[in-house]
1. Consider residue 99 carefully, then state whether it is in contact with a strand residue (DSSP E or B) (Cβ under 8 Å, 6 or more places away or on another chain), open to solvent by less than 80 Å² (accessible area, probe 1.4 Å) and at pLDDT below 85.
2. Would you list the strands (runs of 3 or more DSSP E) that sit entirely within segment 1-82 and hold 1 or more residues that are acidic (Asp, Glu) and modelled with pLDDT of 75 or more?
3. Going residue by residue through segment 109-129, is there one that turns out to be part of a strand (DSSP E or B), at pLDDT 70 or above and either in contact with a Gly (Cβ under 9 Å, 6 or more places away or on another chain) or at positive phi (or both)?
4. Contact list please: Cβ distance under 7 Å, first residue in segment 123-144 and under 18 Å from residue 100 (Cβ atoms), second residue open to solvent by 50 Å² or more (accessible area, probe 1.4 Å) and of a type in the set (Phe, Trp, Tyr), pairs at least six apart or on different chains.
5. Of all residues in segment 135-159 being aromatic (Phe, Trp, Tyr) and closer than 19 Å to residue 93 by Cβ, which is most open to solvent (accessible area, probe 1.4 Å)?
6. Select from segment 129-153 the residues that are of a type in the set (Ser, Thr, Tyr) and either within 15 Å of residue 118 (Cα to Cα) or under 32 Å from the mean Cα position of the chain (by Cα) (or both) and list them in ascending order.
Amino acid sequence: MVAKISQSEYQKLNQLKELDIQQCSFCSKITILNLGWEPFVKLLCQACREEHVICPELCLKVVRKEFDCHLYQELPRVRPVQPIKPNRSYAGANCYLCGKELKGAGKTGVVKNRNNPSFWGINIEYKILCLLCLESKFYSAMSKGKRKTLRKYLGRGYV
């Protein structure tokens, strides 16, 4: 099989030590991934339990018509996302970054001042943050006095 390449691609190939090549399972056409060519589709077959690499031009259309019920594309595994509890109106709220449940200020349910980023002199879109997230993400943006107050609150065990 002969693959036609341009002069600039030839110069790139001369500099490479290893080639990353894919070959179509049906028509034996090749693609060189090191040159930025489009990768072929990887499909799994339920019948023979093998992985087939198929070029996207003619073979993919033919294979989909002929073997549609046996071929499928493997999707990357994704961890299940843990939903963040919604903010409650009475005596509780959640940190906007980590989702940790925070205590509200008594019966009013208003968030305590120490969990409000504007109390620390930080102008961001988040309205409720726990002290651990404030320390890890925005510690350098605070003034010297606010840093001292934050360390004092963390030392007392407020989180």
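1. Considered against the rule, which asks whether it is in contact with a strand residue (DSSP E or B) (Cβ under 8 Å, 6 or more places away or on another chain), open to solvent by less than 80 Å² (accessible area, probe 1.4 Å) and at pLDDT below 85, residue 99 comes out as no.
2. It comes to 51-54.
3. Yes; the residues of segment 109-129 include at least one that is part of a strand (DSSP E or B), at pLDDT 70 or above and either in contact with a Gly (Cβ under 9 Å, 6 or more places away or on another chain) or at positive phi (or both).
4. Here the result reads 126/96; 127/96; 128/96; 129/96; 131/158, each pair linking segment 123-144 to a residue that is open to solvent by 50 Å² or more (accessible area, probe 1.4 Å) and of a type in the set (Phe, Trp, Tyr).
5. Across segment 135-159, the extreme among qualifying residues is 158.
6. Within segment 129-153, 136, 139, 140, 143, 149 qualify.
The values are calculated or read from the model by the stated rules, or taken from the named source; none is laboratory data. Not measured: the values here are computed from a predicted model. Note: ideal-geometry Cβ built from the backbone for every residue, glycine included; neighbour counts use all protein chains shown. Quick note on the areas: whole protein, heavy atoms, side chains included, nothing else; ligands and nucleic acids left out. Shrake-Rupley method; radii C 1.70, N 1.55, O 1.52, S 1.80 Å.
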